[in-house]
Amino acid sequence: MFKFDKLVFGDLGWGDEFLFATLMTITVSILSMGLGLCLAILTVWAKLITNKITRIIANFYTTVVRGVPELLVIYLIFFGGNTVVMSIAKLFGYNGYIELNALTIGTIAIAFISATYSSEVLRAAYLAVNKGQIEAAKALGLNKFQIFFKVMGPQILRHALPGIGNVWQITLKDTSLISVTGLVEIMRQTRIASNVEHSPLTFLVTAALLYLFLTTFSGKFFKVLELNYSKGYN
Amino acid sequence: MQNFLDYFNQSLLFRNFVEVLSGLDNTLLLLIISLPIGFVLSLVFALGRVSKNKIISKPIAGYIFVIRGTPLLVQIYLIYFGLGSVEFIRESFLWILLKEPFWCGVLALTINTVAYGSEIFRGGIQSVTKGQIESGLSLGFNKMTLLRKIIFPIALRKVLPSYGNELILMVKATSLVSLTTYMEMTGIARKIMAKTFAPVEAFIAAGILYLFLNFLMVQFVKYLEWKYNPHLRLEQN
């Protein structure tokens with residue numbers, strides 16, 4: 001039933017393969033979380049400025065991506081992404097064949113999903129900061145950038161951190177879905193190893209434990225971060 | 001030529017739409033079985049989670065921790081590929097159910113939603129104030145009546161928005177069962193893509209259907225919120 005001796009490092013086991021797969025999962029999670037946060041800031045900005053068109057586009061984006069299964073979004077970007085990139089390249093006069101690698105596509109797909117959740121968190125955090133803060137900053141004669149980086153930014157971050165932590169957990173778990181694109185992260189490695197060794201239970205339990213370790217560990221990390229960031233309020 | 005191509009693409013989208021629609025019943029079947037069971041079990045597990053008896057609350061806390069810390073995909077694979085590889089399960093009566101990808105999907109979705117749902121309900125149950133419970137006790141309610149008449153109505157009303165979120169997540173989660181060869185909407189969209197090499201049309205057709213399903217779910221939750229929060233309704237007429 002279990003063949004845990006197959007998990008040793010080196011040529012006899014899958015230990016090192018799983019280590020690299022875990023690193024790949026972490027890499028994809030961090031990259032897509034970062035890209036997702038950038039996208040989310042853009043989305044929040046589009047929703048909060050007084051421009052109807054950007055607001056409609058942003059609302060459409062978040063509604064659609066949150067209403068459609070993650071797997072479908074990944075399929076769409078994985079199978080349809082190359083077509084879109086090639087047609088954009090065609091506009092610039094390049095007619096060759098372009099293929100994005102699985103890491104890029106996976107990161108973009110997860111970032112698109114993660115950004116919709118982050119944008120809700122950031123929007124709520126922005127609205128939670130008292131408007132008087134901006135007025136006070138303006139009264140002090142700070143310019144726009146100073147207001148954003150010195151006054152609003154830190155306060156938004158404090159309000160948003162617990163929510164960002166949740167989004168991080170969702171993003172980390174969503175990366176298991178990009179195994180369908182062939183990128184060798186934990187889930188893909190699990191399928192490969194269990195097909196070779198004919199012992200799916202061993203490797204699936206390993207994968208579950210790895211994910212559990214990652215989510216718990218990063219959860220603790222975010223707890224510490226939150227404590228550090230709300231020092232002045234405890 | 002361009003017109004012709006547009007027309008062709010549109011009709012392809014339409015034909016895909018009809019084909020994906022034939023998988024709608026399989027998606028709904030997953031939900032119709034796993035959501036009600038998940039709801040009832042979530043309530044039971046939430047009560048167990050807040051129970052003062054550590055023998056009951058600790059294992060439930062552990063179960064919630066494990067399920068919420070691992071991706072649903074791992075859980076589905078564990079049940080479909082993992083349990084199937086165990087000798088004594090293949091020889092037991094459970095194999096009648098577990099050899100079907102459908103029942104594996106139902107089992108995985110139920111296990112998943114119970115973990116999230118019971119955590120949501122726990123919040124609701126703990127938000128019932130002490131005074132409300134005491135007033136029930138002073139009226140001579142026994143434990144069951146107290147649960148039925150006071151704790152559940154107040155708790156459920158409070159958690160409706162977040163449980164609605166969980167329901168939407170479940171609608172989306174059914175797509176993962178397609179990875180165990182179960183032919184619901186995502187599985188059919190994948191098949192269409194392999195057949196026509198037109199990924200965008202296939203997945204957009206499926207996406208529209210999922211959006212519609214979720215729209216219905218949101219309306220349903222909104223209706224429940226309206227129905228069970230009469231004190232929050234704006235005065236009508």
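The values are calculated or read from the model by the stated rules, or taken from the named source; none is laboratory data. All of these numbers come straight from a predicted model, not from anything done at the bench. Ideal geometry is used to build each Cβ from the backbone, glycine not excepted, and the neighbour counts take in all protein chains shown.
So which of A:Thr175, A:Thr171 is in contact with a Pro (Cβ under 9 Å, 6 or more places away or on another chain) and either within 14 Å of chain B (Cβ to nearest Cβ) or part of a helix (DSSP H, G or I) (or both)?
A:Thr175
Pairs under 7 Å by beta carbon, first residue more than 30 Å from B:Leu169 (Cβ to Cβ) in the stretch A:68-97, partner of a type in the set (Lys, Arg) and in a loop (DSSP other than H, G, I, E, B), six or more apart or different chains?
none
Report whether or not B:Arg157 is closer than 27 Å to B:Ile111 by Cβ and among the basic types (Lys, Arg).
For B:Arg157, the condition - closer than 27 Å to B:Ile111 by Cβ and among the basic types (Lys, Arg) - is met.
Looking at B:Arg90, B:Arg68, which one is over 23 Å from A:Met187 (Cβ atoms), in contact with a helix residue (DSSP H, G or I) (Cβ under 9 Å, 6 or more places away or on another chain) and of a type in the set (Lys, Arg)?
B:Arg90 is the lone residue from the list that is over 23 Å from A:Met187 (Cβ atoms), in contact with a helix residue (DSSP H, G or I) (Cβ under 9 Å, 6 or more places away or on another chain) and of a type in the set (Lys, Arg).
From the list B:Thr186, B:Thr196, which one is of a type in the set (Ser, Thr, Tyr) and within 9 Å of chain A (Cβ to nearest Cβ)?
Within the list B:Thr186, B:Thr196, the selection yields B:Thr186.
Kindly provide the set of residues from the stretch B:213-233 that are within 9 Å of chain A (Cβ to nearest Cβ) and either small (Gly, Ala, Ser) or without any contact (Cβ under 8 Å) to a residue 60 or more places away in the chain (or both), ordered by number.
B:Asn214, B:Phe215, B:Val218
Over 25 Å from the mean Cα position of the chain (by Cα) and over 25 Å from B:Asn112 (Cβ atoms): which single residue out of A:Tyr229, A:Tyr233 fits that description?
Matching residue, one of A:Tyr229, A:Tyr233: A:Tyr233.
(1) at pLDDT below 85; (2) over 30 Å from A:Leu72 (Cβ atoms): which one isn't true of A:Gly96, the others all being true?
Exception for A:Gly96: condition (2).
Per-residue answers, yes or no, for (1) surrounded by 18 or more Cβ atoms within 10 Å (Cβ to Cβ); (2) more than 17 Å from A:Ser29 (Cβ to Cβ):
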site: A:Gly163; (1), (2): no, no
site: A:Leu183; (1), (2): yes, no
site: A:Ile186; (1), (2): yes, no
site: A:Leu201; (1), (2): yes, yes
site: A:Ala207; (1), (2): yes, no
site: A:Phe217; (1), (2): no, no
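Regarding the stretch A:8-15, can at least one residue be identified that is farther than 18 Å from A:Asp174 by Cα, of a type in the set (Asp, Glu) and touching a residue at least 40 places away in the same chain (Cβ under 8 Å)?
The answer is no, given that none of the residues of the stretch A:8-15 is farther than 18 Å from A:Asp174 by Cα, of a type in the set (Asp, Glu) and touching a residue at least 40 places away in the same chain (Cβ under 8 Å).
Going through the stretch B:56-82 one residue at a time, which ones are more than 8 Å from chain A (Cβ to nearest Cβ), of a type in the set (A, V, I, L, M) and without any contact (Cβ under 8 Å) to a residue 24 or more places away in the chain?
Those that are more than 8 Å from chain A (Cβ to nearest Cβ), of a type in the set (A, V, I, L, M) and without any contact (Cβ under 8 Å) to a residue 24 or more places away in the chain: B:Ile56, B:Ala61.
Can you name the number of the only condition in (1) within 24 Å of B:Pro71 (Cβ to Cβ); (2) surrounded by 22 or more Cβ atoms within 10 Å (Cβ to Cβ); (3) more than 9 Å from every other protein chain (Cβ to nearest Cβ); (4) aliphatic (A, V, I, L, M) that B:Leu169 fails?
Failed condition: (2).
Working carefully through the options B:Phe212, B:Phe203, B:Phe197, find the one that is at positive phi and of a type outside the set (Val, Ile, Thr).
B:Phe197
I need a count of the residues in the stretch A:197-229 that are more than 9 Å from chain B (Cβ to nearest Cβ) and over 19 Å from A:Asp5 (Cβ atoms).
12
Where in the stretch B:86-184 are the helices (runs of 4 or more DSSP H), entirely inside, with at least 1 residues that are free of Cβ contacts under 8 Å to residues at least 12 places away in the same chain and aliphatic (A, V, I, L, M)?
Answer list for the stretch B:86-184: B:87-91, B:95-98, B:130-138.
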